[in-house]
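Everything below concerns the one structure shown next.
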Amino acid sequence: MAEKNPTLNLKDMHDLSVARMLAGNQRFVERIGKEDPEFFRRLEKQQTPHTLWIGCSDSRVSSDVITDTDPGSLFVHRNIANMVVHTDFNVLSAIDYAVNHLNVQHIVVCGHYRCGGVAAAMEASELGLIDNWLRNIKDVYRLHADELEAIADKELRTARLVELNVIEQVYNVCKTFTVQKAWREHGRPFVHGWVYDLKTGLLKDLEVNVSGRGDLEAIYRFDVDKSLGVTQ
Ligand code: CO
């Protein structure tokens, strides 16, 4: 006898999601095999990405999908709210490896409007462990409190904090010894700040132009001549 109104429980849904991913992988292999038979052989040997992408973990902001970029092009680091925290060995290692071993030309910090991490940082509620991470965003808010608090609409204020947070993280990338050393020795990487709009799918370039030590406040510059504070 056929089951009446079979309901899907959570475990079934979980199994279905996993089964879909594995089936999707089969389709991916078949499609690539037809379109580009050398694809796996080529990428198996080495990766030569041109860009380090630092983005949010949000499932809707998938770096290679939204930039229509092939595997092998982006070296990716993602965390909640695309943060570059100076004590985070994960992001620091990704920057070091991308700059010094993969020789990337570009670093992109990409945030997105309606970022849950940024929105949560603007609230007072206790979320637990993640509050320690979100505090870094609260620090960005504090730096720009005057500008942000002049924006009455909460959604617009959150959107502006998303942008300001990306700009601050671009600067945090540039403050690293790794990037300043690479600028001095190789004249790269170029560091960019972008925001992804979930409504339209478009990327906005915030045009943060930090291309050398001179664009950083003196206190953050590593100076080979040890003349910090003198060369103003
Ligand atoms: Co986000």
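The values are calculated or read from the model by the stated rules, or taken from the named source; none is laboratory data. Just so you know, these numbers come straight off a predicted model, no measurement behind them. Please note: Cβ atoms are built from the backbone with ideal geometry, for glycine as well, and neighbour counts cover all protein chains shown. The protein model used for the area step is the full one, side chains on, heavy atoms only, and it has no ligands, DNA or RNA in it. Shrake-Rupley method; radii C 1.70, N 1.55, O 1.52, S 1.80 Å.
Each row is one residue, and each column tells you yes or no for (1) open to solvent by less than 40 Å² (accessible area, probe 1.4 Å); (2) in the same structural domain as Ile54 (by TED's automatic domain parsing); (3) part of a strand (DSSP E or B); (4) without any contact (Cβ under 8 Å) to a residue 60 or more places away in the chain.
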site	(1), (2), (3), (4)
Lys138	no, yes, no, yes
Asp146	no, yes, no, yes
Val170	yes, yes, no, no
Val191	yes, yes, yes, no
Gly214	no, yes, no, yes
Ile219	no, yes, no, yes
Asp223	yes, yes, no, yes
message = For region 60-78, check the following and say yes or no: at least one residue is free of Cβ contacts under 8 Å to residues at least 40 places away in the same chain, part of a helix (DSSP H, G or I) and small (Gly, Ala, Ser).
response = no
ask   = How many residues does region 78-105 contain that are within 16 Å of the ligand (Cβ to nearest atom) and surrounded by 21 or more Cβ atoms within 10 Å (Cβ to Cβ)?
value = 5
key: Tally of residues being over 17 Å from Cys110 (Cβ atoms), in a helix (DSSP H, G or I) and open to solvent by 40 Å² or more (accessible area, probe 1.4 Å) across region 148-167   = 5
